[in-house]
Amino acid sequence: MAMKKDKHILIIDDEYFIRIAYQMILTDAGYNSTIVEDGEEAFEKILEFESKNIDIDLILTDINMPKINGFEFIKKLKEFNSKIPVILMSSYRYDEIEVLLGSKFSSKNNINNYAFIEKPSTSESLICCIDKQLNHLSLN
Amino acid sequence: MEESLYPGKPILMVDDEIHLLYSYDLSLGDAGINNTITCNDSTKVMGMLADREFEALLLDLNMPNMTGEEILEKAAQEYPHMPIIIITGNNELELAIRCMKKGAYDYIAKPVEESRLVTSVKKAIEYRELRAENDLLRRRIFNEKLENPEAFSEIITNNDKMKHIFNYMEAISRTTEPILITGETGVGKDLVARALHNLSGRKGNFVTTNVAGLDDQMFADTLFGHKKGSFTNAFTERKGLIEKASGGTLFLDEIGDLSLTSQVKLLRLLQEQEYYPLGSDDPQYTDAVIIVATNVDFYQMQKEGKFRKDLYYRLNVHQINIPSLRERLDDLPVLIDFFLGKASETLNKKKPSVPPELVTLLSTYSFPGNIREMQAMVYDAVSTHKSRILSLDSFKRAMNKNKEFIISDETSINEDIGEAIIKFSNHHLPTLKQAQSLLIREALKRSKNNQTIAAQILGVTRQALSQRIKTGILEKF
């Protein structure tokens, strides 16, 4: 299993304190992380890392954000043929998301392709989810 | 150097997500608020509140187990003096209003911005301080005894007005808000500032400076210091006075002449507790308490636009007006005695005894220079005195010099001064004889029937006065 400290995670959230908090959690757990405010900045970072030949192993993104929301971000990611796994974080419950964003995203198939965490979550469950995602990939 | 904790009592922050608490803590710490305690278990909060006193409570409403709203209700009831700031999720306006009605002091809706968090906490601290002071003041208004009379030992007085001021000073002594001291020149504003510092119990230094005549650059440089090379002749780093006063008190005397540019800098210092040393882009924070003094009429200046309204408002939170010496003439005996002692010691002479008329004589004088002037007069008298009893001559000379200054000759008495001295009745104007009689009577009253002194007041020789009295000028109305 690859060392944690080689893993790099990108965090997207529009709330300042949430970004800092998540970075703390990930650092405590031994991961490297970068924090950005929105999807636009996220893409800039992805390109930047690519040019430096550094892999981003995972993206942690909030769903409800101004500019582009979490789902739109994932869609764009797919358009770039990116294989980076994404974990969605949401302050809303799963079923509320349907109502908020319309049935387009409600298809269980779509959702199941991405891990989904409801806020508030404990840091343990978050790390657990992250570990699972990363291991899942390395097993492939 | 041990960092002092601010505020005096800790802020309790409650949220189920501990890393969020840490991130709040970092931001508050950056803004100078370092006395904080975090709690991520809502069931423990009431126990913690019972254990010790907190300055304020920061409470997230979205928590499992005991909800934020429940805690709010209980805490607001049991600890009404503690401001409670609640953090609500976005789109929860109704919840926020409900909580405000239940006693929350302020609410912050998510997403929480850094500046909003800091401002809100600072306001809560300020509010709490003012309330505590208010309570203290109310209790003290009826209580005459001072808790720390030694702190006032340098201020010589038996006067009631001064004693009330001392009571007020004790009440506000723990404040972190700025204090404004007003009063004529020479009344002892610096002594009051020093006493306030002693009362505050703060461990830092008492740093004092007179800012009259400092141009903008000197003002900023003196107060905030500069980095090496920040301007020509800045060969080394210089620590500003504000840094020297860290954990203590900074006293700025004569701020009445501050330019508008310097006023802005002072205002930022008072509002944000932050300043920029010359040549630096990084803000520094200070916990020094700031006391300012002036002998100008601030209210008037602020009306005329020479002094910023917002700065005036900020400085006005605590105002101490020190009465002029002529408003506390009952202190003359004890002040004379004190300065006689000091002058004798300095001049290596035996302390002369005081002629009883001295107090009476001096009580007719307006002392434009107040206590400082009086001290100079006593010193002068002691240095020229030869016999066992102090002579009144040097005092009279000093008083006459200034009397000319106030009213030079009769023809130049302008209307304003005239009215201040005498108010003429609308119906009945006295005859010359009557007016003279009135004046003589008043002068005798003020001089306690001492004709020599009365003559002095009226600007005539003793013989001339004596003559008028003998020939029955003092007729009845």
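Here are a few things to note about the model shown:
- Against the list (1) within 21 Å of B:Ser23 (Cα to Cα); (2) open to solvent by less than 10 Å² (accessible area, probe 1.4 Å), the condition B:Ala109 fails is (2).
- Total residues in region B:337-356 satisfying the condition of being outside any loop (DSSP other than H, G, I, E, B) and either of a type in the set (A, V, I, L, M, F, W, C) or open to solvent by 70 Å² or more (accessible area, probe 1.4 Å) (or both): the figure is 9.
- Hey, B:Glu184 touching a Ser or Thr at 6+ places or on another chain (Cβ under 8 Å), modelled with pLDDT under 90 and crowded, with 17+ Cβ neighbours inside 10 Å or not: no
- Candidate set: region B:48-106, residues that are in contact with a Pro (Cβ under 7 Å, 6 or more places away or on another chain) and within 20 Å of B:Ile18 (Cβ to Cβ); chosen: the one surrounded by the most Cβ atoms within 10 Å (Cβ to Cβ): B:Ala56
- Picking from residues in region B:7-22 that are more than 8 Å from chain A (Cβ to nearest Cβ) and open to solvent by less than 30 Å² (accessible area, probe 1.4 Å), the one that is farthest from the chain's Cα centre (by Cα) is B:Asp15.
- Leading residue by the ranking (modelled with the lowest pLDDT) among those in region B:286-315 that are crowded, with 17+ Cβ neighbours inside 10 Å and farther than 12 Å from B:Leu180 by Cα: B:Gln302
- B:Leu137 satisfies every condition listed in (1) surrounded by fewer than 19 Cβ atoms within 10 Å (Cβ to Cβ); (2) among the hydrophobic types (A, V, I, L, M, F, W, C); (3) within 25 Å of B:Met48 (Cβ to Cβ) except (3).
- Those residues of region A:46-58 which are surrounded by 17 or more Cβ atoms within 10 Å (Cβ to Cβ) and either within 14 Å of another protein chain (Cβ to nearest Cβ) or part of a helix (DSSP H, G or I) (or both), in sequence order: A:Ile46
- On inspection, B:Ile156 qualifies as more than 18 Å from B:Leu258 (Cβ to Cβ), at pLDDT 90 or above, open to solvent by less than 60 Å² (accessible area, probe 1.4 Å) and touching a Phe, Trp or Tyr at 6+ places or on another chain (Cβ under 7 Å).
- Total residues in region B:33-89 satisfying the condition of being away from chain A (no Cβ under 14 Å), of a type in the set (S, T, N, Q) and part of a helix (DSSP H, G or I): the figure is 2.
- Residue pairs whose Cβ atoms lie under 8 Å apart, sitting 6 or more positions apart in sequence or on different chains, and linking a residue in region A:50-61 that is under 16 Å from A:Ile11 (Cβ atoms) to a partner that is of a type in the set (Val, Ile, Thr) and in a loop (DSSP other than H, G, I, E, B), are A:Ile56/A:Ile84; A:Asp57/A:Ile84; A:Leu58/A:Ile84; A:Ile59/A:Ile84.
- In the set (1) under 19 Å from the mean Cα position of the chain (by Cα); (2) crowded, with 18+ Cβ neighbours inside 10 Å, the condition left unmet by B:Arg174 is number (2).
- Here the condition is being among the aliphatic types (A, V, I, L, M), over 30 Å from B:Leu5 (Cα atoms) and open to solvent by 60 Å² or more (accessible area, probe 1.4 Å); of B:Leu214, B:Leu260, it holds for B:Leu260 alone.
- Output for region B:251-298, where each listed residue is aliphatic (A, V, I, L, M), in a helix (DSSP H, G or I) and either more than 30 Å from B:Leu117 (Cβ to Cβ) or in contact with a strand residue (DSSP E or B) (Cβ under 7 Å, 6 or more places away or on another chain) (or both): B:Ile255, B:Leu260, B:Leu269, B:Leu270
- Restricted to region B:23-32, and to residues there that are more than 14 Å from B:Leu57 (Cα to Cα) and under 33 Å from the mean Cα position of the chain (by Cα), the residue that is nearest to the other protein chains (Cβ to nearest Cβ) is B:Ser27.
- A count restricted to region A:8-24 and to residues that are at the interface with another protein chain (Cβ under 10 Å from one of its Cβ atoms), buried (at least 23 other Cβ atoms within 10 Å of the Cβ) and more than 16 Å from B:Leu26 (Cβ to Cβ) stands at 1.
- Among the residues of region B:91-140, those that are without any contact (Cβ under 8 Å) to a residue 24 or more places away in the chain, more than 14 Å from every other protein chain (Cβ to nearest Cβ) and part of a helix (DSSP H, G or I) comprise B:Leu93, B:Glu94, B:Ala96, B:Ile97, B:Met100, B:Lys101, B:Thr119, B:Lys123, B:Asn134, B:Asp135, B:Arg138, B:Arg139.
- Evaluated against (1) touching a residue at least 12 places away in the same chain (Cβ under 8 Å); (2) within 14 Å of chain B (Cβ to nearest Cβ); (3) not charged (D, E, K, R), A:Thr27 falls short on exactly one condition, (1).
- Output for region B:244-257, where each listed residue is in contact with a helix residue (DSSP H, G or I) (Cβ under 8 Å, 6 or more places away or on another chain) and open to solvent by 10 Å² or more (accessible area, probe 1.4 Å): B:Asp253
- Residue selected from region B:199-211 under the condition among the polar types (S, T, N, Q) and out of contact with any Asp or Glu (no Cβ under 8 Å at 6 or more places or on another chain), by the criterion most open to solvent (accessible area, probe 1.4 Å): B:Asn205
- Among (1) in a helix (DSSP H, G or I); (2) open to solvent by less than 80 Å² (accessible area, probe 1.4 Å); (3) modelled with pLDDT of 80 or more; (4) within 30 Å of B:Thr88 (Cα to Cα), the one test that A:Glu40 misses: (2)
- First in region B:153-171 and part of a loop (DSSP other than H, G, I, E, B), second anywhere and aromatic (Phe, Trp, Tyr), Cβ under 6 Å, 6 or more apart: B:Ile156/B:Phe338
The values are calculated or read from the model by the stated rules, or taken from the named source; none is laboratory data. Treat the numbers as computed from the prediction; the structure is a model and nothing was measured. Here Cβ is always computed from backbone atoms with ideal geometry, including for glycine, and neighbour counts include all displayed protein chains. Heads up: the accessible areas ignore ligands, DNA and RNA and are worked out on the full protein's heavy atoms, side chains in. Shrake-Rupley method; radii C 1.70, N 1.55, O 1.52, S 1.80 Å.
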